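Would you mind keeping the following structure in view while I ask a few things?
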Amino acid sequence: MPDFEHIYDVVIVGGGPAGISCALECHESGLDVVVLERAERVGGQLSLIPGPIYNYAAGFFESGETMRNELEKVAQLFLTDRIKTGCSVVSMNLAQKEIVTDTGVFRGKTVFLATGYRLKEFDLPIPNNFADDVLYRSGIYRESLKGKPIAIVGSGDSAVFTALDLAEYCSHVTVLARGETFKARPDIVAQMKNHNVIEAHTSSVVIRLRGQESLESVIAVNEKREFEIKCTKLIAKLGYLPNTDLFADQLQNARGHITVDQNFSTSIKGVFAAGDIVHPGYDRIAFAAGSGMMAARSIRVFLGHTP
(Lines give C-alpha, C1' and ligand atoms only; values in the text may rest on other atoms or scores of the structure.)
Protein backbone atom coordinates (compact mmCIF):
# COMPACT_ATOMS: atom_id res chain seq x y z
CA MET A 1 0.00 0.00 0.00
CA PRO A 2 1.26 3.50 -0.75
CA ASP A 3 2.24 5.90 1.98
CA PHE A 4 -0.35 8.67 1.62
CA GLU A 5 2.04 11.29 2.98
CA HIS A 6 5.00 10.24 0.86
CA ILE A 7 5.92 12.29 -2.21
CA TYR A 8 8.10 10.49 -4.75
CA ASP A 9 10.62 12.24 -6.95
CA VAL A 10 8.86 10.67 -9.92
CA VAL A 11 5.73 8.58 -10.35
CA ILE A 12 5.93 6.52 -13.53
CA VAL A 13 2.67 5.32 -15.05
CA GLY A 14 3.30 2.33 -17.30
CA GLY A 15 5.74 -0.57 -17.11
CA GLY A 16 6.63 -1.09 -20.75
CA PRO A 17 10.03 -0.39 -22.36
CA ALA A 18 9.63 3.39 -21.96
CA GLY A 19 8.54 3.24 -18.33
CA ILE A 20 11.13 0.69 -17.24
CA SER A 21 13.91 2.47 -19.15
CA CYS A 22 13.04 5.74 -17.41
CA ALA A 23 12.74 4.02 -14.02
CA LEU A 24 16.15 2.32 -14.30
CA GLU A 25 17.86 5.58 -15.23
CA CYS A 26 16.09 7.49 -12.45
CA HIS A 27 16.96 4.79 -9.93
CA GLU A 28 20.60 4.80 -10.99
CA SER A 29 20.61 8.57 -10.45
CA GLY A 30 19.40 8.09 -6.90
CA LEU A 31 15.87 9.38 -7.48
CA ASP A 32 12.96 8.08 -5.43
CA VAL A 33 10.89 6.38 -8.13
CA VAL A 34 7.78 4.22 -8.27
CA VAL A 35 6.33 2.44 -11.32
CA LEU A 36 2.57 1.83 -11.56
CA GLU A 37 1.63 -1.01 -13.95
CA ARG A 38 -1.92 -2.31 -14.27
CA ALA A 39 -0.89 -5.74 -15.63
CA GLU A 40 0.52 -8.45 -13.42
CA ARG A 41 3.83 -8.30 -15.29
CA VAL A 42 5.86 -5.50 -16.83
CA GLY A 43 6.59 -5.37 -20.55
CA GLY A 44 3.63 -3.55 -22.05
CA GLN A 45 2.78 -4.71 -25.57
CA LEU A 46 5.93 -6.82 -26.00
CA SER A 47 4.10 -10.08 -25.42
CA LEU A 48 1.82 -9.33 -28.39
CA ILE A 49 4.73 -9.44 -30.86
CA PRO A 50 4.74 -12.99 -32.30
CA GLY A 51 7.76 -12.71 -34.58
CA PRO A 52 11.47 -12.13 -34.00
CA ILE A 53 12.81 -8.71 -33.01
CA TYR A 54 15.99 -7.96 -34.91
CA ASN A 55 15.87 -4.18 -35.25
CA TYR A 56 16.91 -3.51 -31.65
CA ALA A 57 20.64 -2.96 -31.25
CA ALA A 58 20.81 -4.50 -27.76
CA GLY A 59 20.39 -7.99 -29.19
CA PHE A 60 18.25 -10.47 -31.12
CA PHE A 61 15.05 -11.72 -29.54
CA GLU A 62 13.07 -14.68 -30.87
CA SER A 63 9.78 -13.03 -29.94
CA GLY A 64 8.28 -10.18 -27.98
CA GLU A 65 7.69 -12.54 -25.06
CA THR A 66 11.40 -13.40 -24.99
CA MET A 67 12.27 -9.72 -24.84
CA ARG A 68 9.67 -9.15 -22.15
CA ASN A 69 11.24 -11.86 -19.99
CA GLU A 70 14.63 -10.17 -20.22
CA LEU A 71 13.17 -6.74 -19.45
CA GLU A 72 11.38 -8.21 -16.45
CA LYS A 73 14.60 -9.75 -15.10
CA VAL A 74 16.40 -6.40 -15.18
CA ALA A 75 13.43 -4.57 -13.68
CA GLN A 76 13.11 -7.03 -10.80
CA LEU A 77 16.85 -7.01 -10.15
CA PHE A 78 17.21 -3.25 -9.76
CA LEU A 79 13.74 -1.82 -9.10
CA THR A 80 12.39 -4.59 -6.82
CA ASP A 81 9.46 -3.25 -4.76
CA ARG A 82 9.47 0.07 -6.61
CA ILE A 83 7.32 -1.63 -9.25
CA LYS A 84 3.65 -1.90 -8.34
CA THR A 85 2.03 -4.43 -10.70
CA GLY A 86 -1.69 -5.11 -10.74
CA CYS A 87 -2.15 -1.42 -9.95
CA SER A 88 -4.85 0.22 -12.08
CA VAL A 89 -5.05 3.99 -12.35
CA VAL A 90 -8.53 5.34 -11.64
CA SER A 91 -7.93 9.06 -12.16
CA MET A 92 -5.18 11.64 -12.43
CA ASN A 93 -4.72 15.26 -11.44
CA LEU A 94 -1.58 16.08 -13.37
CA ALA A 95 -1.44 19.70 -12.25
CA GLN A 96 -1.21 18.41 -8.67
CA LYS A 97 0.99 15.41 -9.68
CA GLU A 98 -1.54 13.09 -8.04
CA ILE A 99 -2.36 9.59 -9.32
CA VAL A 100 -5.35 7.77 -7.85
CA THR A 101 -5.23 3.97 -8.21
CA ASP A 102 -7.29 1.05 -7.00
CA THR A 103 -4.67 0.51 -4.28
CA GLY A 104 -4.35 4.11 -3.12
CA VAL A 105 -3.04 7.54 -4.06
CA PHE A 106 0.50 8.20 -5.31
CA ARG A 107 1.99 11.70 -5.36
CA GLY A 108 5.15 12.91 -7.02
CA LYS A 109 7.30 15.93 -7.62
CA THR A 110 7.14 14.83 -11.25
CA VAL A 111 5.03 12.40 -13.27
CA PHE A 112 6.17 10.35 -16.24
CA LEU A 113 3.48 8.97 -18.55
CA ALA A 114 4.28 5.86 -20.57
CA THR A 115 0.91 4.15 -20.82
CA GLY A 116 1.46 2.74 -24.31
CA TYR A 117 -1.07 1.51 -26.81
CA ARG A 118 -4.05 -0.81 -26.69
CA LEU A 119 -5.35 -2.96 -29.51
CA LYS A 120 -7.94 -1.39 -31.78
CA GLU A 121 -11.04 -3.54 -31.80
CA PHE A 122 -13.18 -4.66 -34.73
CA ASP A 123 -15.91 -2.17 -35.64
CA LEU A 124 -18.03 -4.95 -37.19
CA PRO A 125 -20.80 -6.31 -34.91
CA ILE A 126 -19.80 -9.78 -33.71
CA PRO A 127 -22.68 -12.23 -33.07
CA ASN A 128 -22.47 -13.97 -29.70
CA ASN A 129 -21.88 -17.40 -31.25
CA PHE A 130 -18.74 -16.04 -32.95
CA ALA A 131 -17.35 -14.23 -29.92
CA ASP A 132 -14.66 -16.86 -29.32
CA ASP A 133 -13.71 -16.98 -33.00
CA VAL A 134 -12.62 -13.34 -33.37
CA LEU A 135 -9.14 -12.98 -31.92
CA TYR A 136 -6.75 -10.12 -31.27
CA ARG A 137 -3.86 -12.32 -30.15
CA SER A 138 -2.78 -15.47 -31.92
CA GLY A 139 0.34 -16.85 -30.26
CA ILE A 140 -1.45 -18.66 -27.46
CA TYR A 141 -3.81 -20.33 -29.97
CA ARG A 142 -1.18 -21.75 -32.36
CA GLU A 143 -1.63 -25.38 -31.39
CA SER A 144 -5.42 -25.24 -31.64
CA LEU A 145 -5.16 -23.73 -35.15
CA LYS A 146 -3.08 -26.55 -36.61
CA GLY A 147 -4.40 -27.66 -39.98
CA LYS A 148 -7.22 -25.10 -40.03
CA PRO A 149 -7.89 -22.14 -42.35
CA ILE A 150 -7.83 -18.66 -40.83
CA ALA A 151 -8.30 -15.06 -41.97
CA ILE A 152 -6.37 -12.02 -40.78
CA VAL A 153 -7.53 -8.42 -41.14
CA GLY A 154 -4.80 -5.78 -41.18
CA SER A 155 -1.97 -4.39 -43.27
CA GLY A 156 0.79 -3.48 -40.82
CA ASP A 157 3.78 -5.31 -39.40
CA SER A 158 1.68 -7.10 -36.79
CA ALA A 159 -0.73 -8.53 -39.39
CA VAL A 160 2.03 -9.73 -41.70
CA PHE A 161 4.17 -11.17 -38.89
CA THR A 162 1.10 -13.02 -37.62
CA ALA A 163 0.41 -14.41 -41.08
CA LEU A 164 3.99 -15.66 -41.45
CA ASP A 165 3.92 -17.17 -37.97
CA LEU A 166 0.60 -18.99 -38.39
CA ALA A 167 1.38 -20.15 -41.92
CA GLU A 168 3.59 -22.78 -40.27
CA TYR A 169 0.56 -24.18 -38.44
CA CYS A 170 -2.57 -23.46 -40.49
CA SER A 171 -3.77 -25.11 -43.70
CA HIS A 172 -4.42 -21.72 -45.30
CA VAL A 173 -4.01 -18.09 -44.25
CA THR A 174 -5.88 -15.25 -45.95
CA VAL A 175 -4.80 -11.67 -45.22
CA LEU A 176 -7.12 -8.76 -45.98
CA ALA A 177 -5.86 -5.19 -46.16
CA ARG A 178 -8.34 -2.32 -46.36
CA GLY A 179 -5.95 -0.07 -48.30
CA GLU A 180 -4.45 -0.45 -51.74
CA THR A 181 -1.12 -1.59 -50.33
CA PHE A 182 0.26 -3.25 -47.22
CA LYS A 183 1.78 -0.81 -44.72
CA ALA A 184 4.17 -3.38 -43.28
CA ARG A 185 7.88 -3.42 -43.98
CA PRO A 186 8.63 -4.36 -47.60
CA ASP A 187 10.86 -7.29 -46.62
CA ILE A 188 8.17 -9.12 -44.65
CA VAL A 189 5.47 -8.26 -47.21
CA ALA A 190 7.64 -9.95 -49.84
CA GLN A 191 7.98 -13.02 -47.61
CA MET A 192 4.22 -13.13 -47.17
CA LYS A 193 3.46 -12.85 -50.88
CA ASN A 194 5.94 -15.61 -51.68
CA HIS A 195 4.57 -18.02 -49.10
CA ASN A 196 2.53 -20.84 -50.63
CA VAL A 197 0.11 -21.03 -47.69
CA ILE A 198 -0.73 -17.32 -47.58
CA GLU A 199 -3.19 -15.51 -49.86
CA ALA A 200 -3.15 -11.70 -49.65
CA HIS A 201 -5.89 -9.28 -50.76
CA THR A 202 -5.78 -5.49 -50.82
CA SER A 203 -8.68 -3.00 -50.98
CA SER A 204 -10.77 -5.61 -49.17
CA VAL A 205 -13.13 -5.28 -46.21
CA VAL A 206 -14.94 -7.94 -44.16
CA ILE A 207 -18.67 -7.20 -44.14
CA ARG A 208 -20.23 -10.36 -42.67
CA LEU A 209 -19.42 -13.45 -40.64
CA ARG A 210 -21.01 -16.80 -41.47
CA GLY A 211 -21.47 -20.06 -39.64
CA GLN A 212 -23.82 -22.05 -37.45
CA GLU A 213 -22.55 -22.65 -33.93
CA SER A 214 -19.10 -21.26 -34.74
CA LEU A 215 -17.35 -19.31 -37.48
CA GLU A 216 -17.12 -21.07 -40.85
CA SER A 217 -16.35 -18.21 -43.23
CA VAL A 218 -16.33 -14.45 -43.71
CA ILE A 219 -17.72 -12.40 -46.55
CA ALA A 220 -15.44 -9.68 -47.87
CA VAL A 221 -15.87 -7.08 -50.57
CA ASN A 222 -13.39 -5.26 -52.76
CA GLU A 223 -13.73 -2.79 -55.61
CA LYS A 224 -14.87 -5.49 -58.01
CA ARG A 225 -16.80 -8.15 -56.16
CA GLU A 226 -18.04 -9.79 -53.00
CA PHE A 227 -16.27 -13.02 -52.08
CA GLU A 228 -16.27 -15.69 -49.37
CA ILE A 229 -13.25 -16.85 -47.38
CA LYS A 230 -13.35 -20.15 -45.51
CA CYS A 231 -11.94 -19.74 -42.00
CA THR A 232 -12.43 -21.00 -38.46
CA LYS A 233 -10.91 -17.93 -36.81
CA LEU A 234 -10.77 -14.26 -37.76
CA ILE A 235 -7.75 -12.45 -36.36
CA ALA A 236 -7.94 -8.66 -36.16
CA LYS A 237 -4.67 -6.75 -36.40
CA LEU A 238 -6.11 -3.28 -36.84
CA GLY A 239 -3.46 -1.21 -35.15
CA TYR A 240 -3.45 0.52 -31.81
CA LEU A 241 -4.95 3.43 -29.89
CA PRO A 242 -3.00 5.44 -27.30
CA ASN A 243 -3.94 4.73 -23.68
CA THR A 244 -4.43 8.40 -22.85
CA ASP A 245 -8.17 8.59 -22.18
CA LEU A 246 -7.67 9.36 -18.48
CA PHE A 247 -5.46 12.38 -19.02
CA ALA A 248 -5.42 13.57 -22.65
CA ASP A 249 -7.86 16.39 -21.87
CA GLN A 250 -5.39 17.77 -19.29
CA LEU A 251 -2.54 18.03 -21.78
CA GLN A 252 -1.90 19.39 -25.23
CA ASN A 253 -2.39 16.46 -27.58
CA ALA A 254 -2.76 15.46 -31.21
CA ARG A 255 -5.64 13.00 -31.65
CA GLY A 256 -4.96 11.49 -28.26
CA HIS A 257 -1.16 11.40 -28.65
CA ILE A 258 0.47 13.63 -26.05
CA THR A 259 2.44 16.52 -27.52
CA VAL A 260 6.00 16.72 -26.18
CA ASP A 261 9.05 18.86 -26.89
CA GLN A 262 12.58 17.61 -27.52
CA ASN A 263 13.00 17.01 -23.79
CA PHE A 264 9.80 14.93 -23.62
CA SER A 265 8.14 17.62 -21.52
CA THR A 266 4.37 18.01 -21.86
CA SER A 267 2.28 21.17 -21.63
CA ILE A 268 2.26 20.88 -17.80
CA LYS A 269 5.53 21.60 -16.03
CA GLY A 270 6.91 18.56 -14.27
CA VAL A 271 4.87 16.13 -16.36
CA PHE A 272 6.77 14.13 -18.96
CA ALA A 273 5.73 11.49 -21.48
CA ALA A 274 7.41 9.08 -23.88
CA GLY A 275 6.97 5.92 -25.91
CA ASP A 276 4.02 5.08 -28.12
CA ILE A 277 1.72 7.78 -26.73
CA VAL A 278 3.73 10.85 -27.73
CA HIS A 279 3.69 13.19 -30.70
CA PRO A 280 6.04 13.44 -32.46
CA GLY A 281 7.07 9.86 -32.00
CA TYR A 282 7.78 6.52 -33.63
CA ASP A 283 6.16 3.22 -32.65
CA ARG A 284 9.31 1.18 -32.19
CA ILE A 285 10.75 -0.48 -29.10
CA ALA A 286 14.04 1.35 -29.52
CA PHE A 287 12.25 4.69 -29.54
CA ALA A 288 10.27 3.77 -26.42
CA ALA A 289 13.40 2.79 -24.51
CA GLY A 290 15.42 5.75 -25.77
CA SER A 291 12.69 8.31 -25.11
CA GLY A 292 12.25 6.90 -21.60
CA MET A 293 15.96 7.42 -21.00
CA MET A 294 15.85 10.98 -22.36
CA ALA A 295 12.81 11.78 -20.24
CA ALA A 296 14.73 10.58 -17.16
CA ARG A 297 17.45 13.10 -17.96
CA SER A 298 14.85 15.85 -18.24
CA ILE A 299 13.31 14.79 -14.93
CA ARG A 300 16.70 15.05 -13.22
CA VAL A 301 17.19 18.55 -14.60
CA PHE A 302 13.69 19.59 -13.54
CA LEU A 303 14.42 18.37 -10.00
CA GLY A 304 17.61 20.42 -9.88
CA HIS A 305 20.11 17.65 -10.47
CA THR A 306 22.92 17.81 -13.03
CA PRO A 307 21.98 16.60 -16.55
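The values are calculated or read from the model by the stated rules, or taken from the named source; none is laboratory data. Worth saying up front: this structure is predicted, and the values here are computed from it rather than measured. For neighbour counting, all protein chains shown are included, and Cβ atoms are generated from backbone atoms with ideal geometry for every residue, glycine included.
Looking at Ala58, Ala95, which is the one that is assigned to a helix (DSSP H, G or I) and closer than 22 Å to Ala296 by Cα?
Testing whether each residue is assigned to a helix (DSSP H, G or I) and closer than 22 Å to Ala296 by Cα leaves just Ala95.
Something else about it: Scan region 42-60 residue by residue and report those that are of a type in the set (A, V, I, L, M, F, W, C), at pLDDT 90 or above and crowded, with 21+ Cβ neighbours inside 10 Å.
Matches in region 42-60: Val42 only.
Being part of a strand (DSSP E or B), out of contact with any Pro (no Cβ under 8 Å at 6 or more places or on another chain) and either assigned by TED's automatic domain parsing to the domain that holds Ala289 or crowded, with 17+ Cβ neighbours inside 10 Å (or both) narrows it down to one residue among Leu24, Leu36; which is it?
Leu36
If you don't mind, another one. If you take the residues in region 122-161 that are polar (S, T, N, Q) and touching a Lys or Arg at 6+ places or on another chain (Cβ under 7 Å), which one is farthest from Ser63 (Cα to Cα)?
By that ranking, first place goes to Ser155.
Kindly indicate whether Thr110 is in a strand (DSSP E or B), in contact (Cβ under 8 Å) with a residue 40 or more places away in the chain, surrounded by 12 or more Cβ atoms within 10 Å (Cβ to Cβ) and among the β-branched types (Val, Ile, Thr).
yes
For region 253-281, name all the residues that are in a loop (DSSP other than H, G, I, E, B) and under 20 Å from Leu71 (Cα atoms).
Scanning region 253-281 gives a single hit, Ala274.
A further question follows. Can you tell me how many residues in region 113-148 are in a strand (DSSP E or B) and either in contact with a helix residue (DSSP H, G or I) (Cβ under 8 Å, 6 or more places away or on another chain) or among the aromatic types (Phe, Trp, Tyr) (or both)?
4
Still on this structure, I have one more. What's the total number of residues in region 241-252 that are more than 22 Å from Val100 (Cβ to Cβ) and part of a strand (DSSP E or B)?
Total meeting the criteria: 1.
How about region 36-67: which of its residues are among the acidic types (Asp, Glu) and within 22 Å of Ile277 (Cα to Cα)?
Glu37, Glu40, Glu65, listed by residue number.
Among the residues of region 282-294, which ones are farther than 18 Å from Leu241 by Cβ and assigned to a loop (DSSP other than H, G, I, E, B)?
Selection gives nothing.
Also, quick follow-up: Working only within region 267-307, note down all residues that are touching a residue at least 24 places away in the same chain (Cβ under 8 Å), in contact with a helix residue (DSSP H, G or I) (Cβ under 8 Å, 6 or more places away or on another chain) and polar (S, T, N, Q).
Listed by number, the list holds a single entry, Ser291.
Now a separate question. All but one of (1) touching a Phe, Trp or Tyr at 6+ places or on another chain (Cβ under 6 Å); (2) not in a loop (DSSP other than H, G, I, E, B) hold for Ile219; which doesn't?
Here Ile219 meets the rest and fails (1).
Output the residues belonging to region 169-184 that are in a loop (DSSP other than H, G, I, E, B) and in contact (Cβ under 8 Å) with a residue 24 or more places away in the chain.
Passing the criteria: Tyr169, Cys170, Ser171, Ala177, Arg178, Gly179, Thr181, Phe182, Lys183, Ala184.
Could you list, in sequence order, all residues of region 179-201 that are among the basic types (Lys, Arg) and either surrounded by 17 or more Cβ atoms within 10 Å (Cβ to Cβ) or over 21 Å from the mean Cα position of the chain (by Cα) (or both)?
The one that is among the basic types (Lys, Arg) and either surrounded by 17 or more Cβ atoms within 10 Å (Cβ to Cβ) or over 21 Å from the mean Cα position of the chain (by Cα) (or both): Lys193.
Same structure, new question: On the given criteria, is Tyr117 aromatic (Phe, Trp, Tyr), under 23 Å from Gly239 (Cβ atoms) and touching a strand residue (DSSP E or B) at 6+ places or on another chain (Cβ under 6 Å)?
Yes, satisfied.
Give Val160, Val105, Val100, Val89 a once-over and let me know the one that is outside the structural domain of Ile198 (by TED's automatic domain parsing) and surrounded by 19 or more Cβ atoms within 10 Å (Cβ to Cβ).
After applying the criteria, what remains is Val89.
May I ask you to verify whether Ile207 is crowded, with 20+ Cβ neighbours inside 10 Å and either β-branched (Val, Ile, Thr) or free of Cβ contacts under 8 Å to residues at least 12 places away in the same chain (or both)?
Judged against the criteria, Ile207 is not a match.
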